[in-house]
Amino acid sequence: MVDNTGTVTETDKAAGAGKDTGNNGEDNRTARRDLAVRAAVAQGLLTEADPVVALLDVAGIRASAAALHEAFAAVTAPDTPVLHAFAVKAAPLVPVLRLLRDEGLGAEVASPGELGLARAAGIPPHRTVLDSPAKTPGELREALSLGIAVNADNPQELTRLDALLHEAPSHSPIGLRVNPQTGSGSIGALSTATSTSKFGVALRDEGARTQVVRAFLDRPWLTRLHTHSGSQGVPLALMAEGVRTVHELAEEINAAAGRQQIDTIDIGGGLPVNFSSDEETPTYADYARLLKSTVPGLFDGRYGLVTEFGRSLLAKHGTVLARVEYAKSAGGRAIAVTHAGVQIATRTVYNPESWPLRIAAYDATGRPKDGPDVAQDIAGPACFAGDVLATALPLPLLEQGDLVGALDTGAYYFAHHYAYNSLARPGIHGFTVTADAVRFASVRTPQTVAEIVAESGGGDPEALVRE
């Protein structure tokens, strides 16, 4: 049990304190999560003022990072340079980036803000990659001055880089992103290898391949190729086909150059996440083995590798915990009105078919709720009818004061606040289950009303009426 100080008693040690190893990984993760929920209640993380809180499983994050390293080490020739650069957009939180840095990951950034977060986390420039379809001269100049790897998006950006490198030579590795135009997954908004994607050079457009080869031959400093076919909803086979296409292009360019001009291939990220259970599938090992069979030359030691995984490293290790403020019914269906809604799970509320969330029911003490399943809606606090996390979801009947846990929310959910109704950003806490306690560390403090007012021009309320 967890007592009111968060201490784990003997009955809980075996269930929750273990690492995610072997076939018990999902069971251990579920046990740790349930212990953390109870401890969050016992330690007062949920209050009347802060009725929603986000929890991150530190052991789970470490296990995912280790799995990523192991998967690619198993298929890569010895001494091959491999950089796993975490996609900062998936969890723009400095303590999370620092944790991943300590687990051997770098950072993939796509804005000055993300670069600032990576630098604050202590990720060095040589382990940082800058991607963006709209880099300004200032962003490029900063990256080049620091020695950060840059993936150019298009021919105009290459021309801009020509001028910047003429002004000040740089030791930054520089590559070009190409779109293999291999097709879409089930979520169009996240499919980046379609025929009309905004990203990279469209490789199958008329004359494009010849122009890409020429661009490399004209620029000896251009030494990388980059591709990324998308993320959630994109099948592994489609991702692997995109990598195969880019590897073939690298071979063609090197043959035309008469030397190995391209020394590194950045294969992006995009491993999809299973949002239907605690099972982590597909795995990094699944994807690495598929790549090995599809593109064997990628792993023979001639090319360095960069990956840019994000969601798959964090999603399964986050839980949003919220109090049921009221329990009611309408049209014969039960409704639990909670404090977690569109401000947390924006994609789920607006596109529930593509972004369903699992919901766990807990009683007021944080213990998993028992009882027969009842179809009920899990509603959020925002003032519009569609603010619902789940519709007619079968769960033990929720009552006022109970808790709901929105699962698999460690990436793109509680770190990407949507300020509908000026709802506050929740506090975020990392947790570690030790042999005798659940310990929390503050990742981000809850937003206060005063901070909301200040961000909304509260420092100068007379700005528009002053003569």
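Miscellaneous remarks
- The condition (being under 25 Å from VAL82 (Cα atoms) and either touching an Asp or Glu at 6+ places or on another chain (Cβ under 9 Å) or among the hydroxyl-bearing types (Ser, Thr, Tyr) (or both)) is satisfied by just one residue among PRO173, PRO125: PRO173.
- Cβ-Cβ under 6 Å pairs, at least 6 apart or on other chains, segment 161-176 side closer than 18 Å to ILE262 by Cα, far side in a helix (DSSP H, G or I) and among the hydrophobic types (A, V, I, L, M, F, W, C): SER170/LEU144; SER172/LEU144
- Residue pairs whose Cβ atoms lie under 7 Å apart, separated by 6 or more positions or on different chains, with the first residue in segment 196-216 and on the phi > 0 side of the Ramachandran plot and the second at pLDDT below 90 and surrounded by 13 or more Cβ atoms within 10 Å (Cβ to Cβ), are GLY200/ASN179.
- Of the residues making up segment 420-435, those that are out of contact with any Lys or Arg (no Cβ under 8 Å at 6 or more places or on another chain) and either of a type in the set (D, E, K, R) or modelled with pLDDT of 95 or more (or both) are TYR420, ASN421, SER422, LEU423, ALA424, PRO426, HIS429, GLY430.
- Here THR281, THR319 are screened, and the one residue that is within 18 Å of the chain's Cα centre (by Cα) and not assigned by TED's automatic domain parsing to the domain that holds ARG101 is THR319.
Conditions (1) among the small types (Gly, Ala, Ser); (2) farther than 20 Å from ALA189 by Cβ; (3) in the same structural domain as HIS429 (by TED's automatic domain parsing); (4) surrounded by 20 or more Cβ atoms within 10 Å (Cβ to Cβ), marked per residue:
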position: ALA330; (1), (2), (3), (4): yes, yes, yes, no
position: THR348; (1), (2), (3), (4): no, no, yes, yes
position: ASN351; (1), (2), (3), (4): no, no, yes, no
position: SER354; (1), (2), (3), (4): yes, no, yes, no
position: GLY366; (1), (2), (3), (4): yes, yes, yes, yes
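- Residues that are modelled with pLDDT under 95 and polar (S, T, N, Q) within segment 163-179 comprise just one, ASN179.
- Considering segment 15-45, the residues that are modelled with pLDDT of 95 or more, of a type outside the set (S, T, N, Q) and not in a helix (DSSP H, G or I) include one that is farthest from SER312 (Cα to Cα), namely GLY44.
- Among (1) outside any helix (DSSP H, G or I); (2) within 23 Å of SER111 (Cα to Cα), the one test that LEU158 misses: (1)
- Subset of segment 285-327 that is assigned to a strand (DSSP E or B) and in contact with a helix residue (DSSP H, G or I) (Cβ under 8 Å, 6 or more places away or on another chain) - its residue that is surrounded by the fewest Cβ atoms within 10 Å (Cβ to Cβ): LEU305
- Every condition in (1) under 30 Å from VAL234 (Cα atoms); (2) touching a residue at least 60 places away in the same chain (Cβ under 8 Å); (3) surrounded by 17 or more Cβ atoms within 10 Å (Cβ to Cβ) is met by TYR362 except one, and the failing one is (1).
- Residues in segment 69-99 that are over 19 Å from HIS429 (Cα atoms) and within 14 Å of the chain's Cα centre (by Cα): HIS84, ALA85, PHE86, ALA87.
Here is a yes/no grid of residues against (1) surrounded by fewer than 16 Cβ atoms within 10 Å (Cβ to Cβ); (2) not small (Gly, Ala, Ser):
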| site | (1), (2) |
| --- | --- |
| GLN376 | no, yes |
| ALA390 | no, no |
| PRO394 | yes, yes |
| LEU403 | no, yes |
| ALA406 | no, no |
| THR409 | no, yes |
| TYR412 | no, yes |
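- Yes/no for GLY386 being small (Gly, Ala, Ser), in the same structural domain as TYR412 (by TED's automatic domain parsing), loosely packed, with under 15 Cβ neighbours inside 10 Å and closer than 30 Å to SER186 by Cα: yes
- Just one of the listed residues (LEU271, LEU176) is out of contact with any Lys or Arg (no Cβ under 7 Å at 6 or more places or on another chain), hydrophobic (A, V, I, L, M, F, W, C), part of a loop (DSSP other than H, G, I, E, B) and surrounded by 21 or more Cβ atoms within 10 Å (Cβ to Cβ), and it is LEU271.
- In segment 353-382, residue nearest to GLY318 (Cα to Cα) [restricted to those that are more than 28 Å from the chain's Cα centre (by Cα) and in a loop (DSSP other than H, G, I, E, B)]: ARG367
- For segment 125-141, the set of residues classified as in contact with a strand residue (DSSP E or B) (Cβ under 9 Å, 6 or more places away or on another chain) and not β-branched (Val, Ile, Thr) consists of PRO125, HIS126, ARG127, LEU130, ASP131, SER132, PRO133, LYS135, GLU139, LEU140, listed by residue number.
The values are calculated or read from the model by the stated rules, or taken from the named source; none is laboratory data. All values reported here derive from a predicted model rather than from experimental measurement. Every residue, glycine among them, receives a Cβ derived from its backbone with ideal geometry; neighbour counts consider all protein chains shown.
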